[in-house]
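The values are calculated or read from the model by the stated rules, or taken from the named source; none is laboratory data. Nothing here was measured: the structure is a model prediction, and the numbers come from that model. In this analysis, Cβ positions are derived from the backbone assuming ideal geometry, glycine residues included, and neighbour counts consider all displayed protein chains. All accessible areas refer to the heavy atoms of the entire protein, side chains included, with ligands and DNA or RNA removed. Shrake-Rupley method; radii C 1.70, N 1.55, O 1.52, S 1.80 Å.
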Amino acid sequence: MKFVSFSDGEQVPALGMGTWAMGESRALREQEIRSLQRGIELGMSLIDTAEMYGDGAAETLVGKAIAGRREQVFLVSKVYPHHASRQGTIAACERSLTRLATDCIDLYLLHWRGNVPFGETIAAFERLQRDGKIRHWGASNLDPADMAELVATPGGDRVATDQVLYNLSRRGIEWDLLPWCGERKIPLMAYSPIEQARLLDEPRLQKLAAQIGQPAAQLALAWVLSRRNVIAIPKAAQGAHVDENYGALACPLGDDVLQALDAIFPPPRRAKPLEML
Ligand code: NDP
C-alpha cells in the first residue's frame, strides 16, 4: 500500500473506497458488504461515506461491513451543510455514529459549503474532537478561495483535507487548489476518480490501456495514485472491480505513459471554477 500523510504526520492509505449509492438495494447489500470487506483485507482500508448517501443507508451498510474490523479501518463521513451549525453538527455526528455502529469517526468532513459560517462548524468539530467522537476534521468541495477563508478562520488551520472531484478528465485543481494544499501539507481526497466509470468509455484511454495491457480503470486510478499528496476513493460494489482497483498500486506509470495521458487529457492552462458532482 502507498500511504499519504496528514499534516500531523498520521498516515492513511492512498487508495481507499467510496460508498456513494451503496446500501440502497436490498439485493446488492451482501455483495456490497463483501466488496468492502475484501478491500479492507487488501489494505484499502480508508472508507468514505456520508450521512447523505441513501439517507444514512450507506453508513448503516458500512457499519455492518466493519463490524469486528473497526480497528483496521480509517473511517470518513460527512455532515450536510444544512446540519453544520454548532448543535446540528453534533447531532448529525451522533446519528452517523449510531448508524456506523462505532464510537468514533476518524475524519469528519463538511460535505460542501452552505450558509452556516465556518466558525460555527469548526467550533462543533472541535467539541466533537474533545469528546472523542471524531479524530480529524476536514472539508469537501471547497475551492481555493473557500479554503483560504476556512484556514483564516480561528481553528481553521487544523483542516485535514479537502475532498474534491479529481480524475484524468477533471484536472482543473492542478492549476491552484492542488499546489495551494501541497504548500500547506494538506492532502487532497480525489472523489469519482474514474468519473463514475464514464472515463472508461473514452476511446483514446481504452487504446492506451490496451497497448500497455492494463484495464482502463486501473490505468486511470494508477494516474491518480501517481499524484503527490492525493488519496483516491473509488467506489466498487463488485468484488472483481475491488481487485482490479487494488492492482493499480502495482503499476506505477512511466514517463512515456504519463506524457501520453497528458496528450489525451491536457493539464489546465488557466484557472477554472471548481467542478463538482
Ligand atoms: P467512481 O469514479 O468511484 O466510480 C464508481 C463506478 O465505477 C461504479 O459504477 C463502479 O461499479 C465502477 N467501477 C469501479 N471500479 C471499476 C473497475 N475497476 N472497472 C469498471 N468499473 C468500475 O465514482 P463515485 O462517484 O462513486 O466516487 C467515489 C466515491 O467518492 C463515492 O462513492 C463517494 O464515497 C465519494 N464522493 C464524494 C463526493 C463529495 O461531494 N464529497 C461526490 C461524489 C463522490 P460497481 O460499483 O458496480 O463495482
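Quick notes
- Only one entry in R198, R227 is charged (D, E, K, R) and more than 11 Å from the ligand (Cβ to nearest atom), namely R227.
- Residues of the range 228-257 that are open to solvent by less than 40 Å² (accessible area, probe 1.4 Å) and aliphatic (A, V, I, L, M): V230, I231, A232, I233, A236, A237, V242, A248, L253, V257.
- Enumeration of residues in the range 202-227 that are polar (S, T, N, Q), more than 20 Å from the chain's Cα centre (by Cα) and crowded, with 18+ Cβ neighbours inside 10 Å: Q214
- Looking across the range 98-122, the residues that are of a type in the set (A, V, I, L, M) and crowded, with 16+ Cβ neighbours inside 10 Å come down to L100, I105, L107, L109, L110, V116, I122.
This table checks each residue for (1) within 11 Å of the ligand (Cβ to nearest atom); (2) open to solvent by 70 Å² or more (accessible area, probe 1.4 Å).
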site	(1), (2)
Q11	no, yes
M17	yes, no
A27	no, yes
E32	yes, no
A50	yes, no
L61	no, no
K64	no, yes
R69	no, no
Q72	no, yes
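- Under the condition of being under 21 Å from W20 (Cα atoms) and touching a residue at least 24 places away in the same chain (Cβ under 8 Å), the residues counted in the range 199-208 number 1.
- Enumeration of residues in the range 109-135 that are touching an Asp or Glu at 6+ places or on another chain (Cβ under 6 Å) and assigned to a loop (DSSP other than H, G, I, E, B): R113
- Given (1) away from the ligand (no atom under 11 Å from the Cβ); (2) touching a residue at least 24 places away in the same chain (Cβ under 8 Å), index of the condition Q211 fails: (2)
- Yes/no for R95 being farther than 30 Å from A152 by Cα and open to solvent by 50 Å² or more (accessible area, probe 1.4 Å): no
- R184 among the basic types (K, R), in contact with a helix residue (DSSP H, G or I) (Cβ under 7 Å, 6 or more places away or on another chain), over 20 Å from S35 (Cα atoms) and at pLDDT 95 or above: no
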